[in-house]
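Heads up: the structure comes next, in structure tokens.
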Amino acid sequence: TTERSLVLVKPDGVRRGLTGTILARIEAKGYRIVALQQCEATEAELAAHYAEHEGKPFYPPLLEFMASGPLVAVVIEGERCIEGFRSLAGTTDPTTAAPGTIRGDLGRDWGLKVQQNLVHGSDSPESAAHEIGIWFPSL
Ligand code: CMP
């Protein structure tokens, strides 16, 4: 069945001028862009988005990084797009993410406390619904 996923182009992706490239790869895969917005994330949005990581060692640098500049929030739609976007994004660590993926082709380790890995994608229908509600309350 058709599903929706919440994608973020993180501040490293926007800073590096990769927003268009990343959106092009999503569209080339065949997913439809339903909603799109560039914004500076608020503390409340980030706390809600990353609630599951609260208390982990990388949580404070993660929130600092995600607030370090504009990000682009996107809702995509298509059959199995949650699983499909995560496959397109590649694994969390950009150093070892497979070539051919967004993280594998465009990301690397910058020697920082938090992994800057260009994109986020929802990991389940439940988290997609939750995350779409955070970034696009009108959807
Ligand atoms: P994301 O998929 O957005 O979810 C949590 C983020 O935290 C992840 O991408 C990375 O940016 C970061 N992250 C996850 N695990 C680690 C880790 N072990 N060390 C540093 N950063 C991490």
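All of the numbers you see were taken from the coordinates with simple rules; none came from a lab. Since we're looking at a predicted model, the values are computed, not measured. Cβ coordinates were reconstructed from backbone atoms using ideal geometry, including for glycine residues, and neighbour counts include every protein chain displayed.
Before moving on, here are some points about what is shown:
- GNM top mover of 92, 42, 19 - the chain, alpha-carbon springs below 10 Å: 42
- If you bin all the Cα-Cα distances of the chain at 5 Å, starting from zero, the percentages per bin are 2, 11, 21, 25, 23, 14, 4, 1, 0.
- Taking every C-alpha pair closer than 8 Å and separated by at least 6 residues, the mean separation divided by the residue count of region 2-135 gives a relative contact order of 38 percent.
- Where labels lie 7 Å past Cα in the beta-carbon direction, separation of residue 56 and residue 129 in nm: 2.3
- Helix content alone sets the calculated 222 nm mean residue ellipticity of the chain: runs of n ≥ 4 DSSP H residues at -39500 (n - 2.57) each, divided across all residues, give -11000 deg cm²/dmol.
- For region 68-137, applying the loop criterion from DSSP together with a ceiling of 12 other beta carbons within 10 Å to the chymotrypsin sites (Phe, Trp or Tyr not before Pro) yields 110.
- Coil-residue GluC sites (Glu not before Pro) of region 2-55, DSSP, other Cβ within 10 Å capped at 13: 40, 54
- Separation of alpha-carbon centers, region 87-116 and region 1-68, rounded to whole Å: 14
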